Amino acid sequence: MSVFKTTRGVAFGLAAAAALATPAISNAAEFNLEGKTVEFVIPFSESGGSARWANFYAPLLSEALPGNPTVVVKYRPGAGSTKGANWFQEQDTADGTLIFGSSGSTQFPYLLGDPRVRYEYSDWQVVLASGVGGVSYLPPDIAKRFDGDADDLGDIDFIWGSQGATRLDLVANLAWKMLGMNVVPVFGIEGRGDGRLMFERGEANIDYQTSPAYLRSVVPMVEEGLAVPMMTWGSLDDDGNIVRDPTFPDIPTFKEVCEKTAACETKGDAWDAWKAFFIAGFPAQKMVFLPKTAPKEVVDGYEAAFKKIHARPDFAQMAEKTLGKDPQMTGKAADNAKKLATTVPPSAKQFVLDWLKTDYDVTLK
Amino acid sequence: MDLFATALPALGEAVSLILQPEQLMFLFVGVLLGLSVGVFPGLGGIAGLSLVLPFIFGMDPVSGLALMVGLIAVVPTSDTFASVLLGIPGSTASQATVLDGFPLAKKGEAARALSAAFISSLFGGLLGATVLTFFILIARPLILAFGLPEMLMITILGLSMVAILAGRIPLKGVVAAGLGLMVGTIGEAAAGGSLRMATYDIPYLIDGLSLVIVGLGIFAIPEIVSLLRQDRAISKSGGLGKGWIDGVRDWWRNIWLSIRCSAIGVMVGVIPGLGGSVVDWIAYGFTVQSTKEKSGFGKGEIRGVIGPESSNNAKEGGGLVPTLIFGIPGSGSMAVFLGGLALLGYDPGPHMVRHNLDITYTIVWSLAIANVLGAGLCIALSNQIAKLTTIRFTLVAPFLFMVIAFAAFQSRQSLGDLAALMAVGVLGIFLRRFEFSRPAFLIGFVLSAQAESFSNMANQIAGARFRQGLMDGLEYVASPIVLVILALIIISIIIGVRQAKHILGSDTPPTGGKRAPLIFLICILGYLSVAWIDALGIHRMGDKIFPVTVGAVTLVCGLALLIQMIRAPEKHAFFADFERGGEDASAPHGLWATLGWFAFLLVLSCLLGFILAATIFFITFLRIRANVSWLRSVILTAIAIGFICFLAGTLGRDFPPGLLQEFVRLPWPLT
């Protein structure tokens, strides 16, 4: 397949030029993309968080890459993002005109041994890792019974809208279960926004959102007294410990709540599994990859471009709404994040597979 | 009034923000882009917005909004061209327009149908903008009143339109709708991921069939093939009868219908989660129900154009309400719009409505101005463009085949798209031939996923409520809104069943023996049985219950139909077969030979890639089938290929690669 070599006309509006395509694998030491078009492929549709993230970075990349190429976001959705990832696995464009953005939804099937996965993360070269946090919240009447531990929540029938048992929501489901809460996920919603709407309508009585969505949509509800934060999933420090989320320093982490809750333990199989999947899903949720064939100067060029973007004085302000205050990692940090995000111990994997089967009747065969 | 005190000054400020040369220029560019993109089947607001998204970053917010809103607002206006002139649903929002719009074009009244459609679109769009203005300030509690049971009921209301669209034999309509529902369940279940009629070995099926492909296959391919067999222009007389003025008059005469259908459009648009694809069907069903003389529907009744077209533009204004208040997109294009808003530095949600009301209202104004501009341009062009229906169709057809194949490929960018298009196209041809309601099939397909997840989810939540107490449960499932919609559903079904037979008039369809219709029915039953048994084998209850139930009901109906057919005499309308009488039977060209040409294009694409295949297809088709001179063939081919390359280049779209491209690297566009 060589579909991706399309070069796109840039002229605005109705005028556009097409033609020219250069598959040439550049061996020149100088990395320059002048006059070229970079395709930023994401395995998702135009709606959703990954599209937002990719479209946020695309124009910035265009400014920061040497030669100021046009950067277009291309969508290859399908099969829960495994289709696009399988496609990327086959690509060998080495000149830096193809990058791929994956997310937790691409990582989880890989970690759980989904039969659709034909891609191998260790083949890909990471140039950016974006972290994200998550916050769980409750309606005010139930929040009254939550005093830092979940001991008094055991007899409540919780319901929430979930995208699917094997999706990122896995981390939330497992956390609540470990706290001894009886939470029934209603599967089949299309985005976390729909889950929030169910909460607002009173159909769901617990929910979680990723940090940017929480800041944007739940904080106003908290201010109006319609929702109360319960806990964050936390954040990873340099030594791999779970610490308070820097975006929400006042909200306790799941780890703290777990320590205070009688039914919950911060050691053992369940905890190890939760931590492994939390790390895979959140601190390095979205990553940008180059194909394995890309030479070092291309990788370095991208790394430098992302560093340049992050060093912009207006970056923090621009990023706040789309990315939150979560870390944007490059270089070594990104490599480490990738390693953490794409490996779980076999015991954690087995624990999750068994739990998915028993609690939700979901099997990956 | 408080409402006006808040709204009016902000509206005034918004006017001064938008009525600047630069902003108006961007609005105009947006409108032109939206019109251009909307003309092509399969490309809609998403494709257009994705095109402008790279430029949004760093733009002045009002300009950026004007550009995006201008684009979104007019897509449902210009998609009417394809629906009316060619019988191809231009986008999911104008599927119902095909039913009467295309017959009007065949009568030579394309210009009338188009202008009636455009003025209805304009009116609907303006009403949508007005509602958005005030509703956005108070809608929050109202929207929150629509929970899962309410949404499920609206979905069922959409399904109940099958009753009126079922055609001559209600049972056939039910079987068609049931088949549509079952085809809609193909792939991975949304809730638990169980596979239904799919396997991991054929990854294409895991995501199910896309609406674009089913719409094109069910409506466009049968119509194009049928027309092509005739070897004449779309307009039977070869000329144009009534012009655009008549269309505007028609609309004025049916102003009340337009108002009511616009209101339907706004309401369905406002409820998040329903999506736009039901709205035109509900409006069409309503139009038929509320018209006294029903015999003209399906044959070119102008009301059948005015109704859906009033609703689909109104929906865009309505759809912006939840998008702006909750930041939850009601459709794919709204999702991209949200992404664009974020690039401009705005975050939709209560904050934006409260603190940036003037900016929010520039959206309203952009919407209104764009509708006027878009509809005005389209009306002005309608007489000219309608002349397309007077061109010999054999010259238009290869171009349509190419555009359809290209559009289908955009849905998944896989050769499977082309195969699926062909398969659905063949099904569409048979449904048409044996008079199974194609709208019923499509409604079933469109609503399948919604019906399944809403019923599963509502059921789960209701279960929890009933465990809390009987009253809690009842309050949830039997809210006043649910009861009102339930009443509407019952009325709609009663009216539908009573009057469906009037729609096609009293003439008897051509029949020709029992064998062919029976074989087709048995094939349908065969598929349903296989799908049903497949569903029975699913382990996870939540993924199993819907296909098992729907499959069982459809099978029972199908068997009842089979028994009736075996007993009925040969001349009964059960055995309608349009190959045995009427226009199709007397066509100079055979069905399969004509379809073969399309298959030729698709197979060639799989081998040589799309552009090479299309070039060869064009020249052979024009030379052999259309008997055009070499020179003209080459010129027409060059125009067509040049055009499709321009389109794909502008939109940054790829062409289907073939086997050849596996081995040889070719420069774009031959990739």
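Confirm whether B:ALA613 is part of a loop (DSSP other than H, G, I, E, B) and small (Gly, Ala, Ser). No: the conditions fail for B:ALA613. Where residues in region B:537-561 are touching a helix residue (DSSP H, G or I) at 6+ places or on another chain (Cβ under 6 Å), away from every other protein chain (no Cβ under 14 Å) and of a type in the set (A, V, I, L, M), which of them is farthest from B:ALA449 (Cα to Cα)? Filtering first and then ranking leaves B:LEU561. Here B:ARG567 fulfils each of the conditions (1) at pLDDT 90 or above; (2) closer than 23 Å to B:ILE186 by Cα; (3) of a type in the set (Lys, Arg) apart from (2). Would you be able to say whether some residue in region B:385-401 is within 14 Å of chain A (Cβ to nearest Cβ), in a helix (DSSP H, G or I) and either modelled with pLDDT under 85 or open to solvent by 10 Å² or more (accessible area, probe 1.4 Å) (or both)? No: zero hits.
Residues B:GLY180, B:GLY167: which one is outside any helix (DSSP H, G or I) and open to solvent by less than 20 Å² (accessible area, probe 1.4 Å)?
Residue meeting the stated conditions: B:GLY167.
Candidates A:GLY84, A:GLY80: the one that is in a helix (DSSP H, G or I), within 14 Å of another protein chain (Cβ to nearest Cβ) and within 26 Å of A:ALA348 (Cα to Cα) is A:GLY80.
Every condition in (1) under 30 Å from B:LYS172 (Cα atoms); (2) among the aromatic types (Phe, Trp, Tyr); (3) crowded, with 19+ Cβ neighbours inside 10 Å is met by B:PHE610 except one, and the failing one is (1). Criterion applied to A:GLY301, A:GLY331, A:GLY324 was being free of Cβ contacts under 8 Å to residues at least 40 places away in the same chain and either outside the structural domain of A:GLY164 (by TED's automatic domain parsing) or over 25 Å from A:TRP176 (Cα atoms) (or both), and the one residue passing it is A:GLY331.
In the set (1) within 24 Å of the chain's Cα centre (by Cα); (2) open to solvent by less than 10 Å² (accessible area, probe 1.4 Å); (3) of a type outside the set (D, E, K, R), the condition left unmet by B:GLY147 is number (1). Contact map, region B:457-479: residues that are within 22 Å of A:GLY195 (Cβ to Cβ) and assigned to a loop (DSSP other than H, G, I, E, B) paired with residues that are open to solvent by less than 80 Å² (accessible area, probe 1.4 Å) and not aliphatic (A, V, I, L, M), Cβ distance under 9 Å, separation 6+ or inter-chain. Pairs shown: B:SER479/B:GLY147; B:SER479/B:PRO149; B:SER479/B:GLU150. Listed here are the helices (runs of 4 or more DSSP H) enclosed by region A:149-248 that have at least 2 residues being crowded, with 23+ Cβ neighbours inside 10 Å: A:169-178, A:192-200.
In this structure, is B:PRO103 more than 25 Å from B:ASP79 (Cβ to Cβ) and assigned by TED's automatic domain parsing to the domain that holds B:CYS378? Considered against the rule, which asks whether it is more than 25 Å from B:ASP79 (Cβ to Cβ) and assigned by TED's automatic domain parsing to the domain that holds B:CYS378, B:PRO103 comes out as no.
Taking the listed residues B:SER310, B:SER295, B:SER290, the one that is surrounded by fewer than 24 Cβ atoms within 10 Å (Cβ to Cβ) and within 30 Å of B:ALA145 (Cβ to Cβ) is B:SER290, with no other qualifying.
Does region A:139-146 contain at least one residue that is of a type outside the set (A, V, I, L, M) and either surrounded by 22 or more Cβ atoms within 10 Å (Cβ to Cβ) or at pLDDT below 90 (or both)? Scanning region A:139-146, I find no residue that is of a type outside the set (A, V, I, L, M) and either surrounded by 22 or more Cβ atoms within 10 Å (Cβ to Cβ) or at pLDDT below 90 (or both), so the answer is no. In the set B:LEU647, B:LEU604, B:LEU631, B:LEU612, only one residue is touching a residue at least 60 places away in the same chain (Cβ under 8 Å) and not assigned by TED's automatic domain parsing to the domain that holds B:LYS172; that residue is B:LEU647. Number of residues in region B:323-354 that are assigned to a helix (DSSP H, G or I) and at the interface with another protein chain (Cβ under 7 Å from one of its Cβ atoms): the value is 9. Being touching a Gly at 6+ places or on another chain (Cβ under 6 Å), part of a helix (DSSP H, G or I) and buried (at least 24 other Cβ atoms within 10 Å of the Cβ) is true for just one of B:LEU85, B:LEU65, B:LEU104. Which residue is that? Only one candidate qualifies: B:LEU104. Checked across region A:39-46, the condition of being among the hydrophobic types (A, V, I, L, M, F, W, C) and open to solvent by 20 Å² or more (accessible area, probe 1.4 Å) holds for at least one residue. Of all residues in region B:543-578, exactly one satisfies the criterion of being surrounded by fewer than 16 Cβ atoms within 10 Å (Cβ to Cβ), touching a Gly at 6+ places or on another chain (Cβ under 7 Å) and either outside the structural domain of B:ARG433 (by TED's automatic domain parsing) or without any contact (Cβ under 8 Å) to a residue 24 or more places away in the chain (or both), namely B:GLU570. Scan region A:267-280 and tell me whether some residue there is exposed (fewer than 15 other Cβ atoms within 10 Å of the Cβ), in a loop (DSSP other than H, G, I, E, B) and not assigned by TED's automatic domain parsing to the domain that holds A:ASP237. Scanning region A:267-280, I find no residue that is exposed (fewer than 15 other Cβ atoms within 10 Å of the Cβ), in a loop (DSSP other than H, G, I, E, B) and not assigned by TED's automatic domain parsing to the domain that holds A:ASP237, so the answer is no. Selection of region B:2-25 for residues being of a type in the set (Asp, Glu) and in contact (Cβ under 8 Å) with a residue 24 or more places away in the chain yields B:GLU13, B:GLU22. Every condition in (1) of a type outside the set (Gly, Ala, Ser); (2) over 28 Å from the mean Cα position of the chain (by Cα); (3) modelled with pLDDT under 90 is met by B:THR620 except one, and the failing one is (3). Within region A:62-76, does at least one residue satisfy the condition of being facing chain B (nearest Cβ under 10 Å), part of a helix (DSSP H, G or I) and farther than 24 Å from B:ASP207 by Cα? Looking for residues that are facing chain B (nearest Cβ under 10 Å), part of a helix (DSSP H, G or I) and farther than 24 Å from B:ASP207 by Cα, one finds at least one in region A:62-76, hence yes.
Only residues that are open to solvent by less than 20 Å² (accessible area, probe 1.4 Å), more than 14 Å from every other protein chain (Cβ to nearest Cβ) and out of contact with any helix residue (DSSP H, G or I) (no Cβ under 6 Å at 6 or more places or on another chain): list them for region A:301-325, please. Within region A:301-325, A:GLY301, A:TYR302, A:PHE306 qualify.
The values are calculated or read from the model by the stated rules, or taken from the named source; none is laboratory data. Source: prediction; values computed, not measured. Reconstructed Cβ throughout: ideal geometry from the backbone, glycine too, with neighbour counts over all protein chains shown. Accessible surface is based on the protein model in full, side chains and every heavy atom, while ligands, DNA and RNA are left aside. Shrake-Rupley method; radii C 1.70, N 1.55, O 1.52, S 1.80 Å.
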